[in-house]
1. Cβ contacts < 7 Å: first residue within 15 Å of residue 56 (Cα to Cα), restricted to segment 82-104; second residue exposed (fewer than 15 other Cβ atoms within 10 Å of the Cβ), any location; separation 6+ or different chain. Result?
2. Run residue 141 past the list (1) surrounded by 13 or more Cβ atoms within 10 Å (Cβ to Cβ); (2) farther than 15 Å from residue 54 by Cα; (3) touching a helix residue (DSSP H, G or I) at 6+ places or on another chain (Cβ under 6 Å) and report the number of the one that doesn't hold.
3. Please specify each residue of segment 36-46 satisfying the condition of being surrounded by fewer than 18 Cβ atoms within 10 Å (Cβ to Cβ) and closer than 18 Å to residue 164 by Cβ.
4. So which of 177, 134, 158, 164 ends up being surrounded by 15 or more Cβ atoms within 10 Å (Cβ to Cβ), free of Cβ contacts under 8 Å to residues at least 24 places away in the same chain and part of a helix (DSSP H, G or I)?
5. Hey, could you check segment 47-93 for residues that are outside any loop (DSSP other than H, G, I, E, B) and surrounded by fewer than 19 Cβ atoms within 10 Å (Cβ to Cβ) and say which is farthest from the chain's Cα centre (by Cα)?
6. Report yes if residue 169 is touching a residue at least 40 places away in the same chain (Cβ under 8 Å) and farther than 16 Å from residue 70 by Cβ, otherwise no.
7. Taking the conditions exactly as written (outside any helix (DSSP H, G or I) and either within 16 Å of the chain's Cα centre (by Cα) or surrounded by fewer than 18 Cβ atoms within 10 Å (Cβ to Cβ) (or both)), does residue 146 satisfy them or not?
8. Is it fair to say residue 153 is modelled with pLDDT under 95 and more than 15 Å from the chain's Cα centre (by Cα)?
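The values are calculated or read from the model by the stated rules, or taken from the named source; none is laboratory data. Note that the structure is a prediction, hence the values are computed from the model and not measured. Methodologically, a virtual Cβ is constructed for each residue, glycine included, from the backbone with ideal geometry; neighbour enumeration extends over all protein chains shown.
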C-alpha cells in the first residue's frame, strides 16, 4: 500500500474513532413515570411485567435489553452479605422470597431506559404511549419473539398505560394478576 493510501486510511480511522467516543462523564436525565417510595406505586406494574414478560426464556434473561428480575424469573445477582435479600435459602427463581426492592428498581430502570427520550415525551403528554416499543411489542404491533401478550384495552395493557400516563388506578394490574 502506498504512503498516501496509508495516510488516508489512518486519517479516516481517526475521524471515525473521534465521532464514536463516549463521554463517560455525561449525565442523562430521564423523566419517567412514578416509582414511588420503596417502589410502592411501581410494584403492581412490575408484578404484571414479571408474570407476563419476566420468565427465564424471555425478558428474565441477563442478555435482553429489557431485563425483568423477580420472584418467578431471573433473580438479581446479590453478594451473600447483601441486605437486599431477607433469606438467601429462599432467593431463587420460583422460590418464596418476594421480588426485592433492588429488583424492583432494576425493573424500573430497565423499562424507562429502553427509549428514554420517547418515554419522557409520553410522560409529558407530548407523545402517545403507542410510540413506545414497550407498548407495541406486547400488542404484537411490532415483531415480538414472545408473540401476543395482550391486546389494546386488556387489563395488562391498561395497567402499563395507566403507569405511563400517570393514572394512579392499579385496578387493571390487579385484574391482570388474578388471571392464572
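1. 93/56
2. (3)
3. Start the filter on segment 36-46 by keeping residues that are surrounded by fewer than 18 Cβ atoms within 10 Å (Cβ to Cβ), which leaves 36-38, 40-41.
Result: 36, 40, 41.
4. Details: 177 fails: free of Cβ contacts under 8 Å to residues at least 24 places away in the same chain; 134 fails: free of Cβ contacts under 8 Å to residues at least 24 places away in the same chain; 164 fails: free of Cβ contacts under 8 Å to residues at least 24 places away in the same chain.
Matching residue, one of 177, 134, 158, 164: 158.
5. We begin by selecting, within segment 47-93, every residue outside any loop (DSSP other than H, G, I, E, B); these are 47-53, 69, 74, 88-90.
So of that shortlist, the ones also surrounded by fewer than 19 Cβ atoms within 10 Å (Cβ to Cβ) come out as 88-90.
Details: 88: 25, 89: 27, 90: 25 Å.
Among those that are outside any loop (DSSP other than H, G, I, E, B) and surrounded by fewer than 19 Cβ atoms within 10 Å (Cβ to Cβ), it is 89.
6. Working: touching a residue at least 40 places away in the same chain (Cβ under 8 Å): no; farther than 16 Å from residue 70 by Cβ: yes.
Spelling it out, it is not the case that residue 169 is touching a residue at least 40 places away in the same chain (Cβ under 8 Å) and farther than 16 Å from residue 70 by Cβ.
7. Working: outside any helix (DSSP H, G or I): yes; either within 16 Å of the chain's Cα centre (by Cα) or surrounded by fewer than 18 Cβ atoms within 10 Å (Cβ to Cβ) (or both): yes.
In short, yes.
8. On the way: modelled with pLDDT under 95: no; more than 15 Å from the chain's Cα centre (by Cα): yes.
Taking the combined requirement at face value, the residue does not satisfy it.
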